[in-house]
1. Can you tell me which residue in the stretch A:386-403 is modelled with the highest pLDDT, limited to those that are buried (at least 21 other Cβ atoms within 10 Å of the Cβ) and closer than 30 Å to residue A:553 by Cβ?
2. Would you be able to say whether some residue in the stretch B:32-52 is assigned to a helix (DSSP H, G or I), facing another protein chain (nearest Cβ under 8 Å), at pLDDT 90 or above and surrounded by fewer than 14 Cβ atoms within 10 Å (Cβ to Cβ)?
3. Would you mention how many residues in the stretch A:604-631 are among the hydrophobic types (A, V, I, L, M, F, W, C) and more than 27 Å from the chain's Cα centre (by Cα)?
4. Which of the residues belonging to the stretch A:443-473 are surrounded by fewer than 24 Cβ atoms within 10 Å (Cβ to Cβ) and farther than 23 Å from residue A:262 by Cβ?
5. Residue A:206 fails exactly one of the following numbered conditions: (1) over 24 Å from residue A:257 (Cβ atoms); (2) in contact with a helix residue (DSSP H, G or I) (Cβ under 8 Å, 6 or more places away or on another chain). What is the number of that condition?
6. Which residues, counting only those in the stretch A:117-132, are surrounded by fewer than 16 Cβ atoms within 10 Å (Cβ to Cβ) and either touching a residue at least 24 places away in the same chain (Cβ under 8 Å) or over 18 Å from residue A:158 (Cβ atoms) (or both)?
7. Given the structure, is residue A:86 touching a strand residue (DSSP E or B) at 6+ places or on another chain (Cβ under 8 Å), within 14 Å of chain B (Cβ to nearest Cβ), more than 29 Å from residue A:290 (Cα to Cα) and charged (D, E, K, R)?
8. When you check residue A:39 against the structure, is it buried (at least 21 other Cβ atoms within 10 Å of the Cβ), closer than 19 Å to residue A:105 by Cβ and not assigned by TED's automatic domain parsing to the domain that holds residue A:110, yes or no?
Amino acid sequence: MGDLKCFHCHEPVLTGDRFTLQIDGTAQPFCCAGCQAVADTIIQNGLADYYRFRTESATKVAAMPAQLAAELENFDQPEVLADISRQQGELTELELSISGMSCAACAWLIEKQLKKQPQIASVTINSSTQRALLRWDSKALPLSQILSRIAALGYQASPFVADQEEQTFKQELNRYLKRLAVSGILTMQVMMLAFGLYFGEFTGIEKSHEGYLRWISLLLTLPVLLYAGKPFTVSAWRSIKARQMNMDVPVSLALWYTYLASSYATVFHTGEVYFESVCMFIFLLQLGKFFEYRARAQAREATSNLLKIMPVTATQLTDSGPQATSARRLQPGDRILVKAGETLPADGIVLEGQSSVDESMLTGEYRPISKMAGEQVLAGSINHDGLLTIQVTEVLAHSRLGQIIQLQQQTLSQKPKLVEKTDQLAKYFVERLLVIAVLTFGLWYFWWNPDRAFWVTLSVLVATCPCALSLATPTAITCALARLNRQGILIKNAQALEALPQITHIVLDKTGTLTEGKFSVESVEMLSTAYTEQQALNLIANLERYSEHPIARAFAPYQTAAEELQQVTVSVGAGISGYWQQHAVRVGSASFCQLSRTVSGAMVYLTINQQPIAAVTLSDRVRPEVPALLASLQQQGYQLGMLTGDSSSQAEQLASELQLNFMHKGCTPEQKVTHIQQLISEGKQVLMLGDGINDSPGFNAAHISVAVHSGADLSKNQADVVLLKPDVSLLAALLKGGKTTASVIRQNLGWSVGYNLIIIPLAVAGFVSPYIAVIGMSFSSLLVVSNSLRLLKK
Amino acid sequence: MSIIYVLIPIAIFFVAMGIWIFFWAVRSKQFEDLEKEGLSILFDEDNKPKPSADKDEP
């Protein structure tokens, strides 16, 4: 029975053959009623292909509580719907964020199922961003029915409102694609004509044919220069107006000078043409820019699904009773009702009720916090067990959650500093280059040979064209981003790559970063010999299945067999009681179990017929990969420290166990910042690894911030780097990647500057004919690009 | 070789068509998700419930 796997989610089946289904004539086992129901829906609808082609197993399906289903109906309110969708004629357009999708087959499954509805005009699902774009007739088919249809397949869909910035990102990315296509396709054509001209040089070509090929090249290059090369020209013009030279100035200068000189040669049948160089240069630069932009857009999409945590609906208490409304329309002073399991739609003060809420999204603290009348609650936190009546104090946009979201979005659009460094180099370079070009022209025109002045100046400009220099940093960064991304490290701020090799100190958060950030069973003390430890844990696990409390989840792995339970009741913040084989069983705190004698440190007790059976101690376990990672980092000479909000002795114990260099416990977010700033004022370079929103002020203070996989979405948004896999040892890979990138950039810059220093005197002296200059330029660009490509392989 | 006076303009016409088609593809969001469409060929358009002998999912 042990290795029997659920047909749907591939999790071990603990319930024997309680849930089975006939599929293709064979009885297949399922782990729970949820998975069985989903598989039944899939098979009934003739979508069994999903099981044949999926590449990942599905996520386990929990049966949807009826109360959540009722909550879906809130979305059918016209004013709520108007807030989250756009009306296009008869059709309504809406974006959905879908969780639980693991591979492309899931996208196919949902699309197929929804397209069966005649009222749905179109549905497109993007499996990489886990979003769906839906267009349907909202009058004929309410949204809640669509959502419950998706839920029947085992996925959770919630309406999603993409922010303005993301829309612009998308449009910009499309513009990059188009520019890339124009420059790429036309470069091929111009290159082909250039080959004709090259061979004409050697074997002889009719003057009329040569002129024709040049004219065609001139025409084909024009759209490349004007359309694909437009960003460079615009940026160069802007920087000249602002008197702040950047890399685009020499680039545009070289492009336009080369193009105009070639056009002159074409019109007057003299000299040489270099249209193919213009095209090639633009194409290569666009390619680099495109990949860099796409990496940033992906980083953005990966983290901006967090907006779905913004609550959409609220239950407002009006004079005529509770009424569903849109969360965005809540005003200070409104009274709202929040049921168990719901997300709080606004900041406010509790008027009535008692509950424990999960603020981990905002504070990183995973223990639930109990809230009573008069206490303040924050939008975005999740109400665990009680019913709360709340008076709204701030509208959603001004809530703590809204503020943090705004703040982190401002940090995203920063320009990478590494490229700025090249810009400084460019500024220095451009000024001297212009002086040299003018001097060369003057020298040749007035003293040496006026006829050659124009062409020698051209070869100076082409030979010194900062092609290689301008490709040196972006190509290296793009390749490094791509490679780290493949390893599961998402770099959101390319600036971080620059700072990585200088890091001396690494500051770590404890809860959720070094530890798993959730309760696990540490030890069990048996208070009675009537049951074995395994039996007791199994019974607790069966009872705890009825609760959504974080403590309950710690027991899930210990469920070895399903038990029949009757009259199960969950008491808020205390425990669970029920009947098992006609015995009254209770699981919960000592007071809930009515025990006089307690075991020190134990948090959960089990009693059967008032007899104490077991006391369980829960703790937050250290991640398995952490000791080896820290040891290897220390060997590499990094100073490691821990800043934790935890003030218990567990912090010291952990610090000495892991042999950390320094440790501060009981830190508020402000104190974390102070500690980091002090290190920085001592001239140290600090990297911070953390997970919660409480770490995010520290994230801003440190040179580089890294958020772990399980971290709160908001902290992932603030961090420079996000680890995409639940594996902290990726930090070592990140530091190594930073070092290799820095050395590749150094090599690239060294080569391109060195090459220019050698070629300038030769070009000024007139030894370099323009087409040798082109070969030199192309060769050094190719060298730089292929050097950067090495970063992809290792 | 005067044939190039005819052939090159024809080639340019096809290139222009190619670019126009690419622009259309970008506009109609065909580059949004490059993963799913690659797999879509595996799925049958019409799924009749038929007994199939092969099963590769464990």
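1. Step one: of the stretch A:386-403, the residues buried (at least 21 other Cβ atoms within 10 Å of the Cβ) are A:388, A:390, A:392, A:396, A:399, A:401.
Still in the running and closer than 30 Å to residue A:553 by Cβ: A:388, A:390, A:396, A:399, A:401.
Details: A:388: 84, A:390: 87, A:396: 71, A:399: 74, A:401: 67.
The qualifying residue modelled with the highest pLDDT is A:390.
2. No: zero hits.
3. The total comes to 9.
4. Correct list: A:443, A:446, A:447, A:448.
5. Only one criterion is unmet by residue A:206, namely (2).
6. First, the residues of the stretch A:117-132 that are surrounded by fewer than 16 Cβ atoms within 10 Å (Cβ to Cβ): A:118-119, A:122, A:124.
Those that are surrounded by fewer than 16 Cβ atoms within 10 Å (Cβ to Cβ) and either touching a residue at least 24 places away in the same chain (Cβ under 8 Å) or over 18 Å from residue A:158 (Cβ atoms) (or both): A:118, A:119, A:122.
7. No, not satisfied.
8. Values: buried (at least 21 other Cβ atoms within 10 Å of the Cβ): yes; closer than 19 Å to residue A:105 by Cβ: yes; not assigned by TED's automatic domain parsing to the domain that holds residue A:110: yes.
Here the answer is yes, as residue A:39 does meet what is asked.
The values are calculated or read from the model by the stated rules, or taken from the named source; none is laboratory data. These numbers were taken from a predicted model, which means no experiment stands behind them. Note: ideal-geometry Cβ built from the backbone for every residue, glycine included; neighbour counts use all protein chains shown.
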